[in-house]
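The values are calculated or read from the model by the stated rules, or taken from the named source; none is laboratory data. If you're wondering where the values come from, they're calculated on a predicted model, not measured in any experiment. With ideal geometry, Cβ positions are generated from the backbone for all residues, glycine too; neighbour counts draw on all protein chains shown. The area values use the complete protein model at the heavy-atom level, side chains included, leaving out ligands, DNA and RNA. Shrake-Rupley method; radii C 1.70, N 1.55, O 1.52, S 1.80 Å.
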Amino acid sequence: MKSCLSKFFVSLRYAVIAIMVFPTLMIVSCGRSKHEEAMVETVPLEGVSIINDTLVIDYFRPFIVNNNIASTLAKGDYSGFIGGLKDDKLFTRDLFLPRGSGPDEFGFAVVMPYNDSTIFVMNSNGGHPESLTVIPVGMDGLQSKDRWMRHRIDSIGSIDVGARAFVPLSDSTILINSARYGSPSVFSVINYKHPSLTELNWLPGDNFKGENIVKQGVYGVNTQLYKIGDKFLYINGNSDYAFIFSLKDDDIVIDKMLGETYPDYEDSGNGLSAKINRKAPLLSGAVSDNRIYILQKILNKEGNKVSEGDVPSYGNRVVCYDFNGKRLYDLMLDRIGFGIMTDNYNNNLYLCCISEETNEMDIVKYNLSSLK
């Protein structure tokens, strides 16, 4: 099959958090000091392109699973993509999840990692949950369909699951960055084997005085969520706002704030959606087995710092943290890009960017073996 890899719909704007808390929320530690930043080593890295101009496809929020690149496809006849890596080239292994409303089809599907050999697929109809499918992935791509497990979850009620982030909690539950419309929450736990939904008691304590459904959109739609050991990483995507947290009963417990800028937003006028005023750097993230990587986006497509009111969609500085939120390195890449991913073993970092040669979407690989 002649592949077609075209542009990344990665609107991963990694955000780093300043949070006022509800009574059920505890802050264990917050922020990073200027002294800590000053002591961090800056490491320059040179990359190698792994895409040529014949391998172009539209995809969204890619990640590495069992030495394959997996992603949600933004458009076309299929919602899922699995690509193999060989000799610094990316090639298509499988286009899967055919779009449609039939028994073996998917209406609006989002592909997320479960572990290094399994992916999750959340399917929704009109933004409401329909099913969660667990798919094993081998070194050569997807395992046979008789090993897939598709669980119907439409009985849990109406929540917005369109392009929202979710991560595994157990072999039967996931944590999702969504909740029932208008409720005072932006996180829920879904049991997909015995369908049920439990909302967590938390909303960010910013100064917004409007409807909860507006705030849910700001803190739920354009976000990233990762499992890091026995904790979790949240990245907002509308500002410099993110944090490491734990779960305690039905509460969110903040363990480490990585930054301190709330999204700047207002009601768009309908009580249902927000107008985002972006005045802070935007961020994109990736997580390996024991490291967090955050791309700081402060540049435009041409590599210049943006003026106030413009959207800083690109960057070339990646900050590396451990799972406790300690800042370890500042990586300076030789290219600017808009999204990143990493393998599970800290061997390579991948930058989603625009090819300097073809002006098409590209992926550049950076070897991390020089880091301790």
(message) For the pairs K215/K297; K89/K301; K256/K372; K227/K301; K145/K365; K86/K305, flag any whose C-alpha to C-alpha distance is greater than 29 Å.
(response) K227/K301; K145/K365; K86/K305
(message) Using only DSSP helix segments of four residues or longer, with each worth -39500 (n - 2.57), what per-residue ellipticity at 222 nm results for the chain after dividing by its residue count and rounding to 500?
(response) -1000 deg cm²/dmol
(message) How large is the direction-averaged shadow of the alpha-carbon convex hull of segment 188-254, in nm²?
(response) 5.4 nm²
(request) For the chain, with all protein chains present and a 1.4 Å probe, just round the carbon and sulfur fraction of the accessible area to a whole percent. (result) 48 percent
(message) What are the extents of the Cα atoms of segment 181-324 along their three principal axes, in Å, largest first?
(response) 50, 43, 25
(message) So if I restrict to the alpha-carbon atoms in segment 85-128, what is the Rg, and what is Dmax, the biggest pairwise distance, in Å?
(response) 13.5, 41
(message) For segment 241-372, compute Rg over Rh where Rg is the Cα radius of gyration and Rh is the Kirkwood radius from the inverse mean 1/r over Cα pairs.
(response) 1.02
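Could you sort 185-198, 76-89 so that the peptide with the highest average Cβ count within 10 Å comes first and the rest follow in order?
Values: 185-198: 19.1, 76-89: 16.8.
With the highest mean Cβ count within 10 Å placed first, the list reads 185-198, 76-89.
How much accessible area per residue does the chain have, counting only protein heavy atoms and a probe of 1.4 Å, in square angstrom?
43 Å²
What is the chain by shape, rounded, prolate or oblate, if you read a ≥ b ≥ c off the alpha carbon gyration tensor as root eigenvalues and call it rounded for a/c under 1.5, prolate for a/b larger than b/c, and oblate otherwise? Please report the intermediate quantities before stating the final value.
On the way: a/c = 1.44, a/b = 1.02, b/c = 1.41.
Rounded, because the longest to shortest axis ratio a/c is under 1.5.
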(message) Using C-alpha positions alone, give me the convex hull volume of segment 110-159 per residue in cubic angstrom.
(response) 75 Å³
